[in-house]
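Enquirer: First the structure, which I've put down as structure tokens, then a few questions once you've had a look.
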Amino acid sequence: MNTINAKAFGTIAADASLEEMTIARREVLAKDIEIEILYCGVCHSDLHTARNDWGGTQYPAVPGHEIVGRVTKVGSEVTKLKVGDLAGVGCLVDSCHTCDSCKNDLEQYCLNGFTGTYNGRDIHLGGHTYGGYSQKVVVDEHFVLKVPANLNLAAVAPLLCAGITTWSPLKHWNVGKGSKVAVVGLGGLGHMAIKLAKGLGAEVTLFSRTPDKEKDALELGADAVVISTDNNQMNAVSGKFDLIIDTVPYVHDVNPYVATLSISGTLVLVGYLGGLEPILNTVPMILGRKSVAGSVIGGIAETQEMLDFCGKHNIVSEIEIIKMQEINEAYERMLKSDVRYRFVIDMASLK
Ligand code: NAP
Ligand code: ZN
Ligand code: ZN
């Protein structure tokens, strides 16, 4: 297959820094769109992948799945977008299209395994996929999103992962006017969860370990902030929430949050992958018909729905723009929860 070269930033090992490299992208096939990447958001999953936190990272690893840019080439059968249009790409670049999940617009739950934008199996070139820390990407039009033109483009990028990952559970659990929603952790996902839940009409509370984020949370639209290390504050919201979205990336005690669910309430884990410690106590779940659930990103139709909603309600991410060369420092700051509230790479810095 014909390929083109693109400059990228990636890492060759879990303990190495990210540095400039050259990667191959396929020449557009009939249904493909080639995008010049203008901005790419920095998700905590990028860091987990670069450092092999979850195991299974293939190197060289080029992270990045919050991509926005401009269409530079389209295949002969492409109808969704044309050269010059704005385009977005999130966490998915392929799936089987034939399984029950794919047929129901749930490509993220493809029964044959979706292809991640990075570290997925590249069905065209072999090897693994490379993400958005790059000048260009070539993607099947089914997985390319239309970007609302009225929004700040750089601040749209994080919607492609942080936005859809929090939107999908809000919609699945029917959040609307009058819902009582809580969000655990004010980072990239957490701040989008607040904005989107507010946009849907919910009353929103933030749980945070970081008292100096309280003012920001209220400005982002939260109605209240509970400092999770303060037992009095935690007790005051006992039995309150219909839905809790927990974005914490590392193992943590979920039991104190289950106590704040209302009868039949659900806590959705979207951050931490793995066994819970301390173990989950079923007593409050059984006696309150409470659920602890999980959710991964969202389907393509749902991602477009979220982008259109954001266009209509003027919702974007709060961002700090960085140069590609500042990515290693940005990862260190992310580990210290020092992101207000999403780093976005200006890809012009890679030229
Ligand atoms: P982030 O920007 O680093 O935010 C995470 C927030 O969690 C922090 O700002 C902090 O908030 C809190 N936190 C961090 N470490 C903590 C700890 N040890 N204990 C308690 N709280 C802690 O990360 P992100 O990009 O939002 O991603 C969050 C997680 O979601 C990551 O693990 C990422 O891989 C995962 N993710 C999952 C999906 C999915 O589809 N399910 C999609 C995207 C990302 P406070 O300072 O307010 O406490
Ligand atoms: Zn992500
Ligand atoms: Zn499928």
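Enquirer: Scan the stretch 302-331 for residues that are open to solvent by 50 Å² or more (accessible area, probe 1.4 Å) and of a type outside the set (A, V, I, L, M) and jot them down.
Expert: Scanning the stretch 302-331 gives Glu305, Asp308, Lys312, His313, Asn314, Glu318, Glu320, Lys323, Gln325, Glu326, Glu329.
Enquirer: Ok, one more. Tell me which residues, restricted to the stretch 223-250, are closer than 19 Å to Pro284 by Cα and either of a type in the set (Phe, Trp, Tyr) or open to solvent by less than 20 Å² (accessible area, probe 1.4 Å) (or both).
Expert: If the condition is that a residue be closer than 19 Å to Pro284 by Cα and either of a type in the set (Phe, Trp, Tyr) or open to solvent by less than 20 Å² (accessible area, probe 1.4 Å) (or both), then Met234, Val237, Phe241, Leu243, Ile244, Ile245, Asp246 are the ones that fit.
Enquirer: I would also like to ask the following. When the residues of the stretch 34-69 are filtered to those that are in contact with a Gly (Cβ under 7 Å, 6 or more places away or on another chain) and either of a type in the set (Phe, Trp, Tyr) or more than 21 Å from Glu329 (Cβ to Cβ) (or both), which remaining residue is farthest from ligand 1 (Cβ to nearest atom)?
Expert: Among those residues, the one meeting the criterion is Glu36.
Enquirer: Now a separate question. So which of Gly126, Gly88 is of a type in the set (Gly, Ala, Ser), at positive phi and at pLDDT 95 or above?
Expert: Of the residues listed, the single one that is of a type in the set (Gly, Ala, Ser), at positive phi and at pLDDT 95 or above is Gly126.
Enquirer: Just to be sure, is Tyr257 within 21 Å of His44 (Cα to Cα), of a type in the set (Phe, Trp, Tyr) and either away from ligand 3 (no atom under 16 Å from the Cβ) or open to solvent by 20 Å² or more (accessible area, probe 1.4 Å) (or both)?
Expert: So Tyr257 fails the test.
Enquirer: Looking at (1) of a type in the set (Val, Ile, Thr); (2) open to solvent by less than 20 Å² (accessible area, probe 1.4 Å); (3) closer than 16 Å to Pro169 by Cβ, can you tell me which one Val270 breaks?
Expert: (2)
Enquirer: Counting only residues that are surrounded by fewer than 20 Cβ atoms within 10 Å (Cβ to Cβ) and in a helix (DSSP H, G or I), how many does the stretch 332-344 have? Write out each step before concluding.
Expert: First pass over the stretch 332-344, keeping only residues surrounded by fewer than 20 Cβ atoms within 10 Å (Cβ to Cβ): 332-333, 335-338, 340.
When the remaining residues are screened for being in a helix (DSSP H, G or I), the result is 332-333, 335.
Count: 3.
Enquirer: Give all pairs with beta carbons closer than 9 Å in which a residue from the stretch 113-137 that is among the aliphatic types (A, V, I, L, M) meets a residue that is within 16 Å of ligand 3 (Cβ to nearest atom); count only pairs at least 6 apart in sequence or on separate chains.
Expert: Ile123/Asp94; Ile123/Thr115; Val137/Val93
Enquirer: Now a separate question. From the list Tyr109, Tyr118, which residue is over 12 Å from Ile297 (Cβ atoms) and hydroxyl-bearing (Ser, Thr, Tyr)? Can you show your working first?
Expert: Details: Tyr109 fails: over 12 Å from Ile297 (Cβ atoms).
Going through Tyr109, Tyr118 in turn, the sole match is Tyr118.
Enquirer: When residues of the stretch 7-66 are filtered for being in contact with a Cys (Cβ under 9 Å, 6 or more places away or on another chain) and either assigned to a strand (DSSP E or B) or surrounded by fewer than 17 Cβ atoms within 10 Å (Cβ to Cβ) (or both), how many remain?
Expert: Within the stretch 7-66, residues that are in contact with a Cys (Cβ under 9 Å, 6 or more places away or on another chain) and either assigned to a strand (DSSP E or B) or surrounded by fewer than 17 Cβ atoms within 10 Å (Cβ to Cβ) (or both) number 1.
Enquirer: Among the residues of the stretch 328-346, how many are more than 14 Å from ligand 1 (Cβ to nearest atom) and over 22 Å from Ile164 (Cα atoms)?
Expert: 2
Enquirer: Looking only at the stretch 285-301, filter to residues that are part of a helix (DSSP H, G or I) and either among the polar types (S, T, N, Q) or open to solvent by 40 Å² or more (accessible area, probe 1.4 Å) (or both); which one of those is farthest from ligand 2 (Cβ to nearest atom)?
Expert: Of all residues in the stretch 285-301, those part of a helix (DSSP H, G or I) come to 285-288, 300-301.
Add one more test, that the residue is either among the polar types (S, T, N, Q) or open to solvent by 40 Å² or more (accessible area, probe 1.4 Å) (or both), and what stays is 286-287, 301.
Numbers: Ile286: 33, Leu287: 35, Ala301: 19 Å.
Ranking the candidates gives Leu287 first.
Enquirer: Applying the selection to the stretch 269-284, what residues are away from ligand 2 (no atom under 16 Å from the Cβ) and on the phi < 0 side of the Ramachandran plot?
Expert: Gly275, Leu276, Glu277, Pro278, Ile279, Leu280, Asn281, Thr282, Val283, Pro284 - these are the residues of the stretch 269-284 that are away from ligand 2 (no atom under 16 Å from the Cβ) and on the phi < 0 side of the Ramachandran plot.
Enquirer: Follow-up question, since we're still on this one. For Thr129, state whether it is within 16 Å of ligand 2 (Cβ to nearest atom), β-branched (Val, Ile, Thr) and farther than 15 Å from Ile300 by Cα. Steps first, answer last, please.
Expert: Values: within 16 Å of ligand 2 (Cβ to nearest atom): yes; β-branched (Val, Ile, Thr): yes; farther than 15 Å from Ile300 by Cα: yes.
Yes: the conditions hold for Thr129.
The values are calculated or read from the model by the stated rules, or taken from the named source; none is laboratory data. As the structure is a prediction and not an experimental result, all values here were calculated from the model. In this analysis, Cβ positions are derived from the backbone assuming ideal geometry, glycine residues included, and neighbour counts consider all displayed protein chains. Heads up: the accessible areas ignore ligands, DNA and RNA and are worked out on the full protein's heavy atoms, side chains in. Shrake-Rupley method; radii C 1.70, N 1.55, O 1.52, S 1.80 Å.
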